[in-house]
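Chemist: Please see the structure below; I have some questions.
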């Protein structure tokens with residue numbers, strides 16, 4: 001697209017401004033017909049530029065409604081700051097649809113007239129794919145939960161169902177239909193109550209429900225036994241998750257409960273029942289001798305019942321297990337039931353995680369004569385718990401893989417959780433920051449703003465804001481923060497979750513491009529001012545203190561413009577190009593960016609040895625197609641965040657615009673110099689170098705106008721070289737010209753800079769003596785006349801050159817300079833009449849035709 005096809009008022013090299021951007025850029029007229037597309041737009045949409053130019057940009061939209069919505073912009077320039085950012089579907093040439101984040105903005109010229117639209121789009125399809133992968137990971141987690149052999153359910157901090165496995169639904173078939181994600185635990189209980197699922201044990205429904213909810217909300221990991229209406233018994237273990245939710249395991253313990261019941265009825269029934277249980281049942285006397293063992297126990301200990309009975313069965317277990325369980329054994333023989341869990345390698349070669357219960361058997365004299373040990377294999381439950389921990393660990397990994405900072409703090413501001421990105425901003429690790437009030441390390445101004453937002457969030461509001469501040473790691477960031485309140489099971493706010501996204505580069509790039517366009521498109525700034533503002537803008541964008549524009553001639557690097565906080569860099573400083581980092585830039589013929597010079601391959605560079613500048617980014621400047629120098633930005637501190645490709649493109653744009661402004665400045669200076677030369681030629685007498693008649697009369701008119709305003713007097717002096725015609729006739733025009741030149745040089749040398757001197761005729765000259773009355777002017781002209789007579793000698797003339805002089809001071813009634821000139825001319829005529837070589841001033845008496853000496 002040619003520059004001429006741009007709407008009036010847009011002064012921009014589109015290819016230099018947008019050509020290298022990775023975002024799609026489309027410039028349209030007010031009727032939304034396409035004027036320009038950058039390379040990224042052609043590549044993304046699959047069109048050649050000539051296919052798009054002239055078309056409406058509707059062909060890029062999947063939905064016509066989106067096209068119309070993005071065009072609904074206010075035509076007033078004052079409204080262009082409103083949010084015009086959209087997420088919508090666009091369409092490639094091949095018909096494929098993709099999702100993009102779009103910014104659409106109206107463009108106005110210097111007269112605030114609407115001249116078009118700027119359309120910027122970024123393909124976020126990959127981002128959506130990542131989100132889909134996260135969803136798939138959640139499904140995988142759900143599959144893993146379904147593999148658990150016990151009933152498992154996870155409820156969130158609001159007590160709403162997050163996920164449950166199929167076994168959980170099978171355990172509660174009557175309420176299974178209500179077990180959908182998002183359903184409250186209480187509602188699921190009520191569904192079962194309505195269908196008679198539970199044995200209420202003589203309680204009313206409300207009493208039973210209240211008791212069950214109380215135990216559920218306690219969720220301290222202790223076992224809860226629950227009887228169902230069909231006679232089944234469940235062992236329920238519920239525990240709080242770190243996020244405030246509740247995870248629970250339901251184990252069908254009906255066989256165990258039946259066994260206990262039958263044990264109380266008769267020992268024979270206990271033996272018969274024990275053999276049906278999935279747990280080991282062993283009874284030992286006070287000496288540790290096995291007096292009862294069920295089939296499961298025999299299987300685990302790899303012995304027949306006959307082999308097991310009569311042995312000290314505990315001695316068949318590893319010594320470490322004997323030692324760790326001894327205290328529980330002693331407690332049970334003292335009359336107190338004991339329950340504990342531990343992993344055991346059994347003689348059958350299997351390692352099981354078991355829940356052991358030691359139940360003392362008390363005789364009629366209330367003495368413990370033996371105890372029954374019941375070991376239940378809870379390996380699957382433990383595996384489910386481990387899987388749950390692994391899921392939490394995976395969630396933590398996911399949080400750490402995000403590019404944003406995530407943290408949870410309580411009402412006092414104490415950190416409960418923070419991911420690795422967030423911890424790095426505060427100069428620590430998650431382990432170091434959990435338990436601390438890490439936000440107190442922010443600057444006071446940021447803390448104050450943060451306190452107000454936290455208070456608003458703790459009042460129950462989700463708050464979003466943008467904030468720019470310097471973090472403890474030393475980096476200044478612009479962050480987009482969302483504060484979300486965290487509620488407990490009672491609906492009370494216990495803290496808040498913060499999601500902080502670093503938008504520094506995006507905001508800085510957007511602001512820099514907008515400011516660059518503002519600087520380069522205005523007509524109110526000179527070329528010099530634009531260049532200086534671009535240099536300052538570069539320091540601000542890269543957050544570097546020093547900015548330099550250099551001019552390089554014959555390997556000599558000279559600072560022509562500089563930006564520094566304390567004027568450390570002087571314009572005019574010069575160095576050999578090899579002693580500057582810009583030698584790298586010139587050799588690369590493009591942008592060079594170094595984050596930490598000390599650890600780079602250029603640590604031995606002479607510039608580093610002299611100035612210890614750690615950070616550098618620079619690129620060549622080209623003026624009218626010829627190398628001019630460089631633009632570069634530096635700092636003595638290493639850069640925390642490395643330079644991006646966008647940074648390299650930004651400095652390239654800076655260089656392009658600086659080169660453009662330098663070229664235009666040189667053009668303007670050349671034009672001005674030519675104008676001055678032309679003005680000098682048109683106003684100067686070629687022979688004598690003094691003002692010619694036209695220029696002199698222009699100045700005289702100006703002086704008269706000033707006199708009429710300020711009453712600042714002046715005197716007009718007419719001078720004529722005596723007998724000049726005879727000199728020309730006798731000696732020729734060459735000698736005559738020499739006389740005129742000599743005469744003019746002497747007069748010029750005798751005048752002040754404020755006086756005006758010009759040649760108004762062949763041998764006639766005129767002077768305006770500034771701030772001089774008639775008497776003072778007469779003395780001045782008399783001195784000049786005598787000096788002419790003494791010094792104006794030109795070979796081969798044998799006699800001295802003389803002149804006649806007539807003077808006339810300005811008067812209040814003078815309106816035209818010709819009036820004054822006429823009086824001075826009359827005085828000159830009088831001087832000639834009286835014999836020449838004299839000065840005559842026009843009389844101030846009423847008779848103006850009688851000039852006097």
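The values are calculated or read from the model by the stated rules, or taken from the named source; none is laboratory data. Source: prediction; values computed, not measured. Because the Cβ atoms are built from the backbone with ideal geometry, glycine has one as well, and the counts that use them run over all protein chains shown.
Chemist: Quick one: which of 384, 391 is surrounded by 19 or more Cβ atoms within 10 Å (Cβ to Cβ), more than 19 Å from residue 308 (Cβ to Cβ) and in contact with a helix residue (DSSP H, G or I) (Cβ under 6 Å, 6 or more places away or on another chain)?
Modeler: Working: 384 fails: in contact with a helix residue (DSSP H, G or I) (Cβ under 6 Å, 6 or more places away or on another chain).
Of the residues listed, the single one that is surrounded by 19 or more Cβ atoms within 10 Å (Cβ to Cβ), more than 19 Å from residue 308 (Cβ to Cβ) and in contact with a helix residue (DSSP H, G or I) (Cβ under 6 Å, 6 or more places away or on another chain) is 391.
Chemist: Here are the criteria: (1) over 16 Å from residue 791 (Cα atoms); (2) more than 60 Å from the chain's Cα centre (by Cα); (3) without any contact (Cβ under 8 Å) to a residue 40 or more places away in the chain. Tell me which single one residue 712 does not satisfy.
Modeler: The one condition residue 712 does not meet is (3).
Chemist: Can you list the helices (runs of 4 or more DSSP H) lying wholly within segment 716-825 that have 2 or more residues being closer than 20 Å to residue 843 by Cα and in the same structural domain as residue 703 (by TED's automatic domain parsing)?
Modeler: Working: elements: 724-731, 733-750, 774-791.
Result: 774-791.
Chemist: Considering only strands (runs of 3 or more DSSP E) fully contained in segment 125-240, which possess at least 2 residues that are on the phi < 0 side of the Ramachandran plot, in contact (Cβ under 8 Å) with a residue 24 or more places away in the chain and touching a helix residue (DSSP H, G or I) at 6+ places or on another chain (Cβ under 9 Å)?
Modeler: Details: elements: 151-155, 161-164, 220-227, 233-240.
Of the strands (runs of 3 or more DSSP E) lying wholly inside segment 125-240, those with at least 2 residues that are on the phi < 0 side of the Ramachandran plot, in contact (Cβ under 8 Å) with a residue 24 or more places away in the chain and touching a helix residue (DSSP H, G or I) at 6+ places or on another chain (Cβ under 9 Å) span 151-155, 220-227, 233-240.
Chemist: Evaluate the following for residue 629: is it in contact with a strand residue (DSSP E or B) (Cβ under 8 Å, 6 or more places away or on another chain), outside the structural domain of residue 16 (by TED's automatic domain parsing), in a strand (DSSP E or B) and touching a residue at least 60 places away in the same chain (Cβ under 8 Å)?
Modeler: Details: in contact with a strand residue (DSSP E or B) (Cβ under 8 Å, 6 or more places away or on another chain): yes; outside the structural domain of residue 16 (by TED's automatic domain parsing): yes; in a strand (DSSP E or B): yes; touching a residue at least 60 places away in the same chain (Cβ under 8 Å): yes.
Yes, satisfied.
Chemist: Scanning segment 615-632 for residues that are touching a helix residue (DSSP H, G or I) at 6+ places or on another chain (Cβ under 7 Å) and surrounded by fewer than 20 Cβ atoms within 10 Å (Cβ to Cβ), which turns out nearest to residue 543 (Cα to Cα)?
Modeler: Per the criteria, the residue is 622.
One line per residue, one yes/no per condition, for (1) modelled with pLDDT under 90; (2) closer than 30 Å to residue 62 by Cβ; (3) outside the structural domain of residue 89 (by TED's automatic domain parsing):
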| residue | (1), (2), (3) |
| --- | --- |
| 116 | yes, yes, no |
| 136 | yes, yes, yes |
| 141 | yes, no, yes |
| 147 | yes, no, yes |
| 150 | yes, no, yes |
| 160 | no, no, yes |
| 168 | no, no, yes |
| 183 | no, no, yes |
| 188 | no, no, yes |
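Chemist: Tally time: how many residues in segment 325-338 are out of contact with any strand residue (DSSP E or B) (no Cβ under 6 Å at 6 or more places or on another chain) and either surrounded by 13 or more Cβ atoms within 10 Å (Cβ to Cβ) or not in a helix (DSSP H, G or I) (or both)?
Modeler: Kept after step one, since they are out of contact with any strand residue (DSSP E or B) (no Cβ under 6 Å at 6 or more places or on another chain), are these residues of segment 325-338: 325-327, 329-330, 334, 336.
Checking the rest, the ones that are also either surrounded by 13 or more Cβ atoms within 10 Å (Cβ to Cβ) or not in a helix (DSSP H, G or I) (or both) come to 325, 329, 334, 336.
Number satisfying all stated conditions: 4.
Chemist: Of all the helices (runs of 4 or more DSSP H) wholly in segment 30-92, which have at least 3 residues that are in the same structural domain as residue 104 (by TED's automatic domain parsing) and either farther than 17 Å from residue 102 by Cα or at pLDDT 90 or above (or both)? Step through it out loud before you land on a result.
Modeler: Working: elements: 39-45, 49-52, 64-70.
Once the helices (runs of 4 or more DSSP H) in segment 30-92 are filtered for at least 3 residues that are in the same structural domain as residue 104 (by TED's automatic domain parsing) and either farther than 17 Å from residue 102 by Cα or at pLDDT 90 or above (or both), what remains is 39-45, 49-52.
Chemist: Moving on. Please verify whether segment 332-340 includes one or more residues that are more than 30 Å from residue 485 (Cβ to Cβ), at pLDDT 90 or above and within 60 Å of the chain's Cα centre (by Cα).
Modeler: Within segment 332-340, one or more residues are more than 30 Å from residue 485 (Cβ to Cβ), at pLDDT 90 or above and within 60 Å of the chain's Cα centre (by Cα).
Chemist: If a residue has to be surrounded by fewer than 19 Cβ atoms within 10 Å (Cβ to Cβ) and part of a helix (DSSP H, G or I) to count, how many in segment 540-566 make the cut? Walk me through it before giving the result.
Modeler: Of all residues in segment 540-566, those surrounded by fewer than 19 Cβ atoms within 10 Å (Cβ to Cβ) come to 540, 543, 545, 551, 553-556, 558-560, 564-566.
Going one step further and asking which of them are part of a helix (DSSP H, G or I), we end up with 540.
Result for segment 540-566: 1.
Chemist: Might you let me know whether segment 748-766 holds any residue that is surrounded by 17 or more Cβ atoms within 10 Å (Cβ to Cβ), farther than 12 Å from residue 719 by Cβ and in contact (Cβ under 8 Å) with a residue 60 or more places away in the chain?
Modeler: yes
Chemist: Quick one: in segment 498-514, of everything that is over 17 Å from residue 404 (Cβ atoms) and surrounded by fewer than 16 Cβ atoms within 10 Å (Cβ to Cβ), which residue is modelled with the highest pLDDT?
Modeler: From segment 498-514, those over 17 Å from residue 404 (Cβ atoms) are 508-514; that's our starting set.
Then keep just the ones that are surrounded by fewer than 16 Cβ atoms within 10 Å (Cβ to Cβ); that gives 510-511, 514.
On the way: 510: 84, 511: 85, 514: 90.
The qualifying residue modelled with the highest pLDDT is 514.
Chemist: In segment 522-535, what residues are outside any loop (DSSP other than H, G, I, E, B) and surrounded by 14 or more Cβ atoms within 10 Å (Cβ to Cβ)? Please lay out each step first, then the result.
Modeler: First pass over segment 522-535, keeping only residues outside any loop (DSSP other than H, G, I, E, B): 527-535.
Answer for segment 522-535, where residues must be outside any loop (DSSP other than H, G, I, E, B) and surrounded by 14 or more Cβ atoms within 10 Å (Cβ to Cβ): 527, 530, 531, 532, 533, 534, 535.
Chemist: Based on this model, can you work out whether residue 659 counts as modelled with pLDDT of 90 or more and in a helix (DSSP H, G or I)? Before the answer, list the steps.
Modeler: Numbers: modelled with pLDDT of 90 or more: yes; in a helix (DSSP H, G or I): yes.
Taking the combined requirement at face value, the residue satisfies it.
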